[in-house]
Amino acid sequence: MTEHSPVNRAGIKILVVDDTATNRQILAAFLKKLGFSVLMAEDGAQAVDKYSKEHPDIILMDVMMPVMDGYEATRRIKALAGERWTPIVFLSALDKEENLVSGLDAGGDDYLNKPVNFVILDAKLRSIVRTLDLQRQLNDNARSLQEYHDAQEAENALAQDIVERQMLRAGLKDPKVQHWLTPADNFSGDIVAATRGPCSALYVLLADATGHGLGAAICTLPVLSVFYSLAESGTPLAHIINEINRQLLATMPVGRFVAVSALRVDSVAGCAEVWIGGTPDVLLLDTQGRLRRSVAASHLPLGVTEFDAAELVPELIDVAAGEQFVLFSDGLLEASNAAGEQFGFGAMAQALASAASTQRVAAIKDSLERHLAGLAPHDDVSLMIIDC
């Protein structure tokens, strides 16, 4: 070591390439004294072979050599190195400007005239080693980040699979159910659910958890579990809402709540129960697709506070065959284009009115995509259309 600030030379291999044995030996002795491991080659061809087998960290390259000169050897080594930085310092008695330019053009990183000034060589090597150390740290950090990213992606895939298994049940394929959901992130805080009770009444739920992404998606898991379990057993809608609320209050952190629109549609009896907490109004379209009624949200989202019995009672609405309920999250109305203009209720209503009953979800989706013009919505978007 010199009197200068120490650098980490442990494990660093330097390849000395020179056709003169004395030069090789002098350089090797000097480098070993500094703490480097040393490899030697007597011409450019040997240097290329040594590099491919030993992968030295630094190369000190003579220029004028038999078999293959230093310029050609450098070009071949740089090609073999690819993205790996292998600094090559030319050591040559050729001191003209064109020689320096030729060396740098061939891929060399520095140039030192012979006879070698060992003080200058030591300084150059210290600078190179510092850069190598920094590069290794950056590579280590990049590997760590990639490993973290890969692990995170695997966990995300598992979480996504769990959420989808909870949500994507057979009821969503019911012929009376149309739905569309698009997340703003990898995960959706919006969910859609539908199933039949024992008496063939259709239970429907659209929910919008606080925020979006994984945190919001986690909040939907107890909602889905409770909804499907109780709806499939024919539990009254008020009891389902109460149990979902109770589970959220018991399991979710403060500030995490879920807005819901819930329906129970009994086509045989010609009636429907509607309960809305925190979502936009639920629309009821007549047989011509015109707005017959807008059912306003009259309750807080679930997971905020306990409800008394009166607050859990759903609204009862008479319905006829051919009518449709439209449920949607606020992400649909608030989706903004590049000019900051929201999609809004007017555009949605126009899309509904212009399409046949079986094509209304597709019509809204197409209208929203035209409005956004390639932009992604800033919030999760969900939509359900339910035939009565």
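Rule-based calculations on the coordinates, nothing more; no lab input. The structure displayed is predicted, hence computed values, not measured ones. Positions of Cβ are generated from backbone atoms using ideal geometry, with glycine treated the same way; all protein chains shown enter the neighbour counts.
Hey, got the dipole for the stretch 13-139? About the Cα centre, +1 on K and R Cβ, -1 on D and E Cβ, debye to the nearest 20? Write out the running numbers ahead of the final one.
Details: 16 positive and 19 negative charges, 117 e Å.
Here the stretch 13-139 has a charge dipole of around 560 debye.
Under 8 Å for C-alpha pairs, at least 6 residues apart: give me the relative contact order for the stretch 168-387, rounded to a whole percent.
Working: 491 pairs, mean separation 50.9, N = 220.
So the answer I get is 23 percent.
Within 10 Å of each residue's Cβ, count the other Cβ atoms and sort TRP85, TRP180, TRP275 from fewest upward. Can you show the working numbers first?
Details: TRP85 14, TRP180 17, TRP275 24.
By the 10 Å Cβ count, ascending, the order reads TRP85, TRP180, TRP275.
Check the straight Cα-Cα distances from LYS13 and name the lysines below 26 Å, setting aside those fewer than 8 residues away within the same chain.
LYS32, LYS33, LYS50, LYS53, LYS78, LYS114, LYS124
Along the charge dipole of the chain, which of ILE240, SER225, ALA272 sits closest to the positive end, that is, farthest toward it, with unit charges on the beta carbon of Lys, Arg, Asp and Glu (+1, +1, -1, -1)?
The residue sitting farthest along the positive end of the dipole is SER225.
Using the Karplus curve 6.51 cos²θ - 1.76 cosθ + 1.60 with θ = phi - 60°, what ³J(HN,Hα) values do you get for each residue of the stretch 346-361, in whole Hz, with x for Gly and Pro?
Each residue's phi maps through the Karplus curve to give x, 5, 5, 4, 5, 5, 4, 5, 8, 10, 5, 4, 7, 10, 6, 5 Hz.
Only residues of the stretch 258-299 count here: report those whose backbone N is under 18 Å from the spot 7 Å along Cα→Cβ of GLU306, or say none.
none
Among VAL295, VAL192, which comes first, second and so on when ranked by fewest other beta-carbon atoms within 10 Å?
On the way: VAL295 20, VAL192 24.
So the residues, fewest neighbours to most, are VAL295, VAL192.
Obtain the nm distance between the two label points defined at GLU72 and ILE26 by a simple spin-label model: each point lies 7 Å from its Cα along the Cα-to-C-beta direction.
2.7
Taking a quarter of the surface of the Cα convex hull of the stretch 169-230, what do you get in nm²? If you can, show how the numbers build up before the last one.
Working: hull surface 17.0 nm².
Projected over every direction and averaged, the Cα hull of the stretch 169-230 covers 4.2 nm².
Using only C-alpha positions, report the orientation-averaged shadow area of the convex hull of the stretch 13-139, nm², one decimal. Display every interim value, and only then the final one.
Working: hull surface 28.6 nm².
Orientation-averaged projected area of the Cα hull: 7.1 nm².
Please find the FRET efficiency linking THR251 to ALA338, where r is the Cβ-Cβ separation and R0 is fixed at 41 Å, and quote it to the nearest 0.05. Walk me through the numbers on the way to the answer.
Details: r = 40 Å, r/R0 = 0.97.
For R0 = 41 Å, the calculated efficiency reads 0.55.
Note the per residue figure in Å³ for the convex hull of the C-alpha positions in the stretch 168-387. Could you put the intermediate results ahead of the total?
Working: hull volume 24.4 nm³, N = 220.
Hull volume over Cα atoms, normalised by residue count, gives 111 Å³.
Could you point to the residue in VAL16, LEU112, VAL304 farthest towards the positive end of the chain's charge dipole, with +1 and -1 charges on the Cβ of Lys/Arg and Asp/Glu respectively?
VAL16
Considering the options GLN137, VAL89, LEU121, tell which one lies farthest towards the positive end of the dipole of the stretch 7-158, charges being +1 on Lys and Arg and -1 on Asp and Glu at the Cβ, about the Cα centre.
Of the candidates, LEU121 comes out farthest on the positive side.
Students often check this: by mean Cβ neighbours within 10 Å, which of 130-137, 53-60 ranks highest, and how do the rest follow? Working shown, then result.
On the way: 130-137: 13.2, 53-60: 19.8.
Ranked from most to least packed, the peptides come out as 53-60, 130-137.
Whole Å is fine, so just give me how far the alpha carbon centre of the stretch 172-247 lies from that of the stretch 288-354.
What the calculation gives is 16 Å, centre to centre.
Compute the distance in nm between two label points, each set 7 Å from the Cα along the Cα-to-Cβ direction, one at LYS13 and one at ARG143.
Simple spin-label model gives 1.6 nm for this pair.
If you fit an axis through the alpha-carbon atoms of helix 214-231 and take the longest principal axis of the Cα set of the chain, what angle between them do you get, 0 to 90°, nearest 10?
30
Fewest first, what order do MET64, MET348, MET252 take by the number of other Cβ atoms within 10 Å?
On the way: MET64 13, MET348 22, MET252 18.
In increasing order of surrounding Cβ atoms, one gets MET64, MET252, MET348.
Given [x] 216; [y] 155; [z] 143, which label gives volume of the Cα convex hull per residue in Å³ as computed from the coordinates?
Structure-derived value, by its label: [x].
Compute the acute angle (0 to 90°) between the alpha-carbon long axis of helix 118-167 and the principal axis of greatest extent of the alpha-carbon atoms of the chain; round to the nearest 10°.
It is inclined by approximately 20 degrees.
Rounded to the nearest 500 deg cm²/dmol, what is the calculated helix-only ellipticity per residue at 222 nm for the chain, with -39500 (n - 2.57) per DSSP H run of length n ≥ 4?
Theoretical 222 nm ellipticity from helices: -13500 deg cm²/dmol.
So for the chain: antiparallel DSSP bridges make up what percent, rounded to the nearest 5?
Numbers: 45 of 63 bridges.
Within the chain, antiparallel bridges account for around 70 percent of the total.
Once fully extended, how much extra length lies between ALA356 and SER233, figured as 0.36 nm per residue of separation less the alpha-carbon to alpha-carbon distance? Present the calculation step by step, with values, prior to reporting the outcome.
Values: separation 123, 0.36 × 123 = 44.28 nm, distance 3.36 nm.
Full-extension gain reported as 40.9 nm.
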